[in-house]
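The values are calculated or read from the model by the stated rules, or taken from the named source; none is laboratory data. In this text the structure is predicted, and so the values were computed from the model without any measurement. Note that each Cβ is placed from the backbone with ideal geometry, even for glycine, and that neighbours are counted across all protein chains shown. When the accessible area is computed, the model is the full protein with side chains, heavy atoms only, and any ligands, DNA or RNA have been set aside. Shrake-Rupley method; radii C 1.70, N 1.55, O 1.52, S 1.80 Å.
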Amino acid sequence: MTLAEKVGQTHQGANLDPVADHELIRSGGIGSSVMASGATAGNQRDTGVRASSVDAAQRIAVEQSRLGIPLLFGRDVIHGHRTVFPIPLGLAAAWDEDLVYRTARVAAAEASLDGVTWTFAPMLDISEEPRWGRMAESLGEAPVLASRLGAAMVRGFQGDSPDGSDNGVGTPDAGAPDAGTPDAGTLGVGRVAACAKHFVGYVLVRGGRDYATVQVGENTLRNAHMRPFRAAVQAGCSTVMAAFTDVDGVPMHAHRRLLREVLKDEWGFEGVVVADWDGVGQLVNQGVAADLRDAAAQAIAAGVDIDMVSGAYSAHLVELVESGQVPLDLVDDAARRIIRLKLRLGLFEHPYARTPAAIPARALAREAAASSFVLLTNRHTHGHNDRVGTLPLAASPGRVLLTGPFVDGGEALLGTWSLDGRAEDVASPASAMRDRLAQDAIVDDGRFSDRTMHLVREADITIALVGEHPSRSGEANSVADIGLPAGQLEVLRAMAAIGKPLVVVVFAGRPLDLGEVLDLADAVLIAWHPGVEAGPALIETLLGDRSPRGRLPMTFPRSVGHLPSSSLARPTGRPIDAADDQDAGRYLDALVVPRLPFGSGLTYTTFSYGPLRLSAHQMPRNGGSIEVSVDVTNSGQRPGREVVQLYLRDVVADVTRPLLELSDWVSLELDPGATGTATFTITPGQLSYYDRTMTLRTDPGAAVVTVGPDAGSGATAQITVTG
Ligand code: NOJ
């Protein structure tokens, strides 16, 4: 390869056009394309990706360029392609790796049929900041939850089996011997390269303002924010995207220490590091590069292999190498990584999009949507005393009013980053309700008005669908107020004042301050943005055909003034005594504990926990383990799912360690009266952390084990790590 051809591989353009970009492609001046409408593509619906135009551009690269190296076509396939699943935060609420794997598998299948070979997902930013609009894309606040779900997503996209036994990307051949996944044959589809993003710390933007600066130390990054990336790399993730932000003054696109020394050298990541949109060029705006040439030199030295759209590499890398300012080795390494990815994807053998085949995905979309719902409150109302609460509705519930802005929602139910989803594909709550309740369904027109209050009076029960439109979440859509959008709370107050049962369903891309809503409604269900099967999944859940199964993947704070409020707190020199009202009010004007703890969620039955049983209380640091188990009984009247959660705390460590850190979870499906056992195996590795010298270690000494239904409750036991 000539130097220019190597540099060509590192250049990524946007929406390559077979006519306008013919000469660029033919000359080998470009290696990949991001198919997006612009810098914040997640907020716009574009015309969709077309296999015919992808193939036309690919044909030029393969048949007319000197080396015939195929192009990569990247697209943000974040939570489904044509079949849109719940937003990632909703998927995370299902606490179900297999579900995440299957949705990614279908997304990859559909996307690859349209010519997509690379998706920019999963987003693995540990989310502690509800003001930041990109919460919607994240897999929750807990490193272990995001790590396991993120790895499952990587395997789903890349076609590896859920247990990770095949970590290669493989070829896109349906049913090929190396397909490595049982459903590859049945789906008859391809796979796409995954991209763990945004490396690293983006979520820590000051004030939750998108693209703002980040102040965080390497120890916090390693012990929390970098963990899901490590898990993704271990799951074979092909690419990693650099974050737009700086980390303590050093922009990530120039962060040699974290990109090259940690990600590539220490972790042994052999894949491709891609810039975010114009991230190399933005080094100039960030004030660390004088111009694009300087930016290119810094980014390639830091370890950014592909320059997404800024043009800095394409314009300057050849000259920078020829003048001796950038070592040729750096360009060789980047080009080698990119071509290796293309080889592993099988692009040289199969450069073109496949013939579309029917992919049965709606049932999975409904399962995923229903699994994402979290029941936050469910109180008794008169006439419903025989059940746990207002929900599920009685078999003959009387006249049910469905009202609020999401009643007919098409696009509004898809969520941010649903580029290839279509509003007309969405099964709306209104139609699902009418199908189910016929004459008993009263469906409002989607606007709250005086007429709405009249309908509330007429109905026996009201279901109000409130919350944020996806355009209030996603990239560049931060908010300073995490309450319901303007006017909705006032309407809910008026509805509650009428005195009839009120169920509130909240659609949202982030945790909201729901304080008063939780007080005034008889039941509150958070439904995130559920995707194409929103309506049936919701109505089936409200009517009890399905039970809510989800658990909050993020803490719901008391107010915006409490942020950050999460389960990731570390001990201070003056611990808070939650039992002491004065102390728990670490704010003069508010309690400090969250409104709803991480991991919480109700269902249509109740569970009781037996005592904790430990196989031992001492665990040798080398090779030891302890089994912790607890019996859980379904003490209610309906079958249900309980998510039993294990939290650990290292009591004395070299650095401050979380007071409570999710370490594992077990899902139990129990019939009424049945007892199941949740068993966890604790190993020293689960207590390991990076110390003051950034060395991974496990301390001898005491650790606290907590097992319970959420981060706010549970039974504890002490263990000792020995040796
Ligand atoms: C910018 C976003 O930050 C990133 O997540 C996305 O993948 C790229 N644009 C490409 O659309």
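Could you tell me the calculated FRET efficiency between residue 67 and residue 265, based on Cβ-Cβ distance and R0 = 30 angstrom, to the nearest 0.05? Let's see the in-between values first.
Working: r = 29 Å, r/R0 = 0.97.
My answer for the efficiency is 0.55.
Report, to the nearest 10°, how far helix 143-158 tilts away from the longest principal axis of the Cα atoms in the chain, using its own Cα long axis and a range of 0 to 90°.
Long axis of 143-158 versus the principal axis of the chain: about 60 degrees.
Once neighbouring chains are kept in place and the probe is 1.4 Å, which whole percent of the accessible area of the chain is contributed by carbon and sulfur?
On the way: 12490 of 25170 Å².
Within the chain, the accessible surface is 50 percent carbon and sulfur.
On a 1.4 Å probe surface of the protein chains, which of 145, 588 comes out largest in accessible area, and what is the full order?
Details: 145 0, 588 190 Å².
The most accessible residue leads, giving 588, 145.
Please name which of 199, 569, 484 has its Cα lying farthest along the dipole of the chain towards the positive end, using unit charges on Cβ (Lys, Arg +1; Asp, Glu -1) and the Cα centre as origin.
Toward the positive end, the furthest listed residue is 569.
Given H placed 1.01 Å from N in the peptide plane, which residues other than close sequence neighbours of residue 394 have an amide H under 5 Å from its amide H?
For residue 394, whose amide H was placed from the backbone, there are no distant partners under 5 Å.
Amide H of residue 193: which non-local residues (sequence gap of 5 or more, or other chain) have their own amide H closer than 5 Å, using H built in the peptide plane?
Here 118, 119 satisfy the definition.
Explain nothing, just the number: dipole magnitude of the chain about its Cα centre with +1 on each Lys and Arg Cβ and -1 on each Asp and Glu Cβ, in debye rounded to the nearest 20.
Value, rounded to 20: 460 debye.
Filter the GluC sites (Glu not before Pro) in region 240-343 down to the DSSP loop ones having no more than 15 other Cβ atoms within 10 Å, then list what survives.
270
I need the phi-derived Karplus couplings for region 340-354: 6.51 cos²θ - 1.76 cosθ + 1.60, θ = phi - 60°, integer Hz, Gly and Pro marked x.
Each residue of region 340-354 in turn: 4, 4, 4, 5, 5, 6, x, 5, 5, 7, 10, x, 9, 5, 7 Hz.
With an 8 Å Cα cut-off and a minimum separation of 6 or more residues, compute the relative contact order for region 234-283 in percent.
Worked out over region 234-283, it gives 50 percent.
Taking the Cα centre of region 32-104 as the origin and placing charges on Cβ (Lys, Arg +1; Asp, Glu -1), which of 81, 91, 69 is farthest toward the positive end of the dipole?
69
Give me the net charge for the shell around residue 565: Cβ to Cβ below 9 angstrom, other residues only, Lys and Arg +1, Asp and Glu -1.
+1
Quick check for me: using +1 on Lys/Arg Cβ and -1 on Asp/Glu Cβ, what's the dipole size of region 390-437 about its Cα centre, in debye to the nearest 20?
Its charge dipole is roughly 340 debye.
How much mean residue ellipticity at 222 nm does the chain get from its helices, if each DSSP H run of length 4 or more adds -39500 (n - 2.57) and you divide by all residues, to the nearest 500 deg cm²/dmol?
When only DSSP H runs of four or more count, the value is -7000 deg cm²/dmol.
What ³J(HN,Hα) values, in whole Hz, does the Karplus curve 6.51 cos²θ - 1.76 cosθ + 1.60 give for region 703-719 when θ = phi - 60°, with x put for Gly and Pro?
9, 9, 9, 10, 10, x, x, 6, 6, x, 8, x, 9, 10, 8, 9, 10
Which residues' amide hydrogens lie under 5 Å from the amide hydrogen of residue 246, considering only partners 5 or more residues apart or on another chain, with H built in the peptide plane?
Here 214, 252 satisfy the definition.
I'd like the antiparallel share, as a percent to the nearest 5, of DSSP beta bridges with both residues in the chain.
Bridges in the chain that DSSP calls antiparallel: roughly 55 percent.
Which ³J(HN,Hα) values, rounded to whole Hz and listed in residue order, are derived for region 105-110 from phi using the Karplus coefficients 6.51, -1.76 and 1.60 in 6.51 cos²θ - 1.76 cosθ + 1.60 with θ = phi - 60°, glycine and proline given as x?
Along region 105-110, the couplings run 4, 5, 4, 5, 4, 5 Hz.
Can you list the residues of region 201-239 with backbone N under 19 Å from a point 7 Å past the Cα of residue 480, pointing along Cα to Cβ?
Within reach of a label on residue 480, which here means backbone N under 19 Å from a point 7 Å along Cα→Cβ, region 201-239 contributes 205-213.
Rank 530, 502, 512 by how far each Cα sits towards the positive end of the charge dipole of region 502-546 (+1 on Lys, Arg Cβ; -1 on Asp, Glu Cβ) and give me just the farthest.
The one lying farthest along the dipole's positive direction is 530.
Roughly speaking, what is the centre-to-centre gap between region 105-163 and region 189-207 when only Cα atoms are used, to the nearest Å?
Their Cα centres are 8 Å away from one another.
Using per-residue counts of other Cβ atoms within 10 Å, averaged over each peptide, order 513-519, 124-130, 371-377 from highest down.
My ranking of the peptides, most packed first, is 124-130, 371-377, 513-519.
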